[in-house]
Amino acid sequence: MLRRLLLTAAVSATAALSTVSSATAGTVSDVPGVFPVPMASPAGPPSLLFPAGPSSLSAAAYGVALPALMPPPARPEDSTDRLTVTVHDVGGGADGTFELECHPAGGGHPHAAEACDRLDRMTTWGKDTFAPVPPDTLCTMQYGGPATAHVTGTWAGRPVDARYDRSNGCEISRWNALVPLLPGARP
């Protein structure tokens, strides 16, 4: 009976360890007061001398933040970010289609350097600078005018195809965050 119990426990442990993702492989040495503990390796079964698999000794269990992924190194072909901005119904001579190149700043955009600087400040690794307002967002019912904009091209090595309007408070805020890439509101 004892032999059957041990065999069942061993099979259960092996099955549990086979589901451990490679993200939990390695050691937990960054937790204060805990010595490095080898974790399960996706290449084979763990040693019987050390705990394995997702356990209470994982970094997440202690609230330890893992380091953020670094962006890939810049490639020469990605060194220039290019955007095409098409604006309608803004008024004051701001309507039209403008080309913007960054790194270095250039193109036919009326405020190229300022627009590039603004986009650089807004760009965060893992976040889409041009993301639309999430569909479940509650927005104020205010109207900011008939202005629309369409931004296409490449930014930070990723394709861009974003549309903007001023139809509610969320869209107005999204538009204003990109001024001077998009023209400021006219009175």
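The values are calculated or read from the model by the stated rules, or taken from the named source; none is laboratory data. Treat the numbers as computed from the prediction; the structure is a model and nothing was measured. All Cβ positions, glycine included, derive from the backbone under ideal geometry; neighbour counts span all protein chains shown. The area values use the complete protein model at the heavy-atom level, side chains included, leaving out ligands, DNA and RNA. Shrake-Rupley method; radii C 1.70, N 1.55, O 1.52, S 1.80 Å.
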Is it the case that some residue within segment 148-155 is in contact with a His (Cβ under 6 Å, 6 or more places away or on another chain) and closer than 14 Å to VAL90 by Cβ?
yes
Identify the residue in segment 139-187 that is part of a loop (DSSP other than H, G, I, E, B) and of a type in the set (Gly, Ala, Ser) and, among all such residues, is nearest to ASP117 (Cα to Cα).
ALA156
Of those in segment 85-138 that are outside any strand (DSSP E or B) and at positive phi, the residue least open to solvent (accessible area, probe 1.4 Å) is GLY91
Scan (1) touching a residue at least 12 places away in the same chain (Cβ under 8 Å); (2) over 21 Å from GLU101 (Cβ atoms); (3) exposed (fewer than 14 other Cβ atoms within 10 Å of the Cβ) for the single condition GLY157 breaks and write down its number.
(2)
Within segment 81-100, does at least one residue satisfy the condition of being more than 22 Å from ALA185 (Cβ to Cβ) and out of contact with any Gly (no Cβ under 8 Å at 6 or more places or on another chain)?
no
